[in-house]
Every structure is written in C-alpha cells, then in structure tokens.
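To start, the structure itself, in structure tokens.
The values are calculated or read from the model by the stated rules, or taken from the named source; none is laboratory data. Everything numeric in this text was worked out from a predicted model, so none of it was measured. Counting neighbours? That spans all protein chains shown, and the Cβs are built from the backbone with ideal geometry, glycine included. Heavy atoms of the whole protein, side chains included, go into the accessibility calculation; ligands, DNA and RNA do not. Shrake-Rupley method; radii C 1.70, N 1.55, O 1.52, S 1.80 Å.
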Amino acid sequence: IGEATPGYIFSPDAPARIKEILGNQVKLIVSLRHPVDRAYSAFGQLMRQGKFPPNTDFEESLKNNSLQLHRRGCYAIDLQRYLSYFPQKNLSVLIFEEMKSDNLKTLENCFSFLGVDPQFIPGSLNVRANKGTDVRLFHDRLIASRRFIAEKTEMLPEKIRRPAMAIGRWVYKNLIIKS
C-alpha cells in the first residue's frame, strides 16, 4: 500500500503525523527535481491558475521572491526534518531527471528499497496516466476569462458587479482549484 502527495515534503507537520500514524519504520520515497526546473514548472502552473499576471517574467519573479518559488527547491531543509523523525535507511531519494531517463532502473531500485521483487515489471510502466492537455487548455481559457471579467467588472454598476464577481469566484474555486 502506498500514497503519493508532493506537498508532504514541504509540510512542517507531515513527518510527525506520518510517524504518529504509521510508525518510524515506514518506508519513504522522495522524488527531487532540479531546483530551477521545479521552480519554472511551479511558475507555469501558477500562471495557469492566474496567480501571476500573464506578462510576468520568471526571472523577475525569482528575484522578487514571488510566492517563494525558490524555497521549495531548498530540499536539504525538508529532508533534514524527515530525518529527525525517521532513520536514514527508511528514506530513498530519487532524482526526477534520472527517473525520466531510465524509469525501469528507477522502478527496480524502488522495488528493492521496498522489499518487493525488483524483476517485476508492471504493464503500465510506460503509460502516462496524467496527460492533462485537455484540462490545461480548459484551465487556461477559464483563467483568461476570469481575468477579462475581473478587469471589465470595474465598469459595471455595483448592483451587477457583486453578483458577477461572486460567480467568478465560485467558478474559480469549484472548477479550477478542485480540478
């Protein structure tokens, strides 16, 4: 049985809660990405979510510490927190770029670490389950619409502006954030 949540590594409370619920002998696998690539990917996601204006420059965002894009690439802080709760032998660190270039070797290493037959090859090894291209296009269009509406509501009378903004917030909260 396993569970994967990228945000656990950054959560200050997660290691203690994991230890409390599962004990300190649980096996943990951490996947780390090159910090700049990770920051750029997060930047793109935040742009799609409308948290940065469309003309925002990535390099400027890093310099201005916008949404702490660089902080999540400081892996040593987060790994040290986990190592204060779990023995080092129970923590396997994978490098995203290596996983991508040789997924079979990565899988074998993971299975060995977990005590599973490293020769087992699942049929889904080379199947990408989370393509998401249609969803991204939908998100991009919704976010563009949200920006347009937000800019134009300033020109609406107060009587119409409030309901229009409430509808926009509902769409954003229920369709974009939950997707």
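Calculate the spin-label point distance for R128 paired with V93, positioning each point 7 Å from the Cα along the beta-carbon direction, and give it in nanometres.
Simple spin-label model gives 2.8 nm for this pair.
At what distance in nm do the modelled label points of D13 and D37 sit from each other, each positioned 7 Å from its Cα along Cα→Cβ?
So the two model labels end up 3.3 nm from each other.
Which FRET efficiency value, to the nearest 0.05, is calculated for I1 and E158 with the Förster distance at 35 angstrom and r the Cβ-Cβ distance? Could the numbers behind the result be given before it?
Details: r = 54 Å, r/R0 = 1.54.
The pair I1/E158 has a calculated efficiency of 0.05.
Lysine pairs in region 1-123 8 or more apart or on different chains: how many have alpha carbons under 30 angstrom apart?
For region 1-123, qualifying lysine pairs total 12.
Please find the FRET efficiency linking Q25 to L62, where r is the Cβ-Cβ separation and R0 is fixed at 25 Å, and quote it to the nearest 0.05. Before the final figure, lay out each step's value.
On the way: r = 39 Å, r/R0 = 1.56.
Efficiency, rounded to the nearest 0.05: 0.05.
Set the Förster radius R0 to 45 Å, insert the Cβ-Cβ distance between N103 and I167 as r into 1/(1 + (r/R0)^6), and round the FRET efficiency to 0.05. Kindly include the intermediate steps, with their values, before the conclusion.
On the way: r = 44 Å, r/R0 = 0.97.
E between N103 and I167, to the nearest 0.05, is 0.55.
Would you mind getting the accessible area per residue of region 12-55, heavy atoms of the protein chains only, 1.4 Å probe, in Å²? If you can, show how the numbers build up before the last one.
Numbers: 2810 Å² over 44 residues.
In whole numbers, region 12-55 has 64 Å² accessible per residue.
Compute the length gained on full extension between S84 and F111: take 0.36 nm times their separation in residues and subtract their Cα-Cα distance, giving the result in nm to one decimal. Show your work: numbers first, answer last.
Details: separation 27, 0.36 × 27 = 9.72 nm, distance 2.44 nm.
Residue separation times 0.36 nm, minus the Cα-Cα distance, leaves 7.3 nm.
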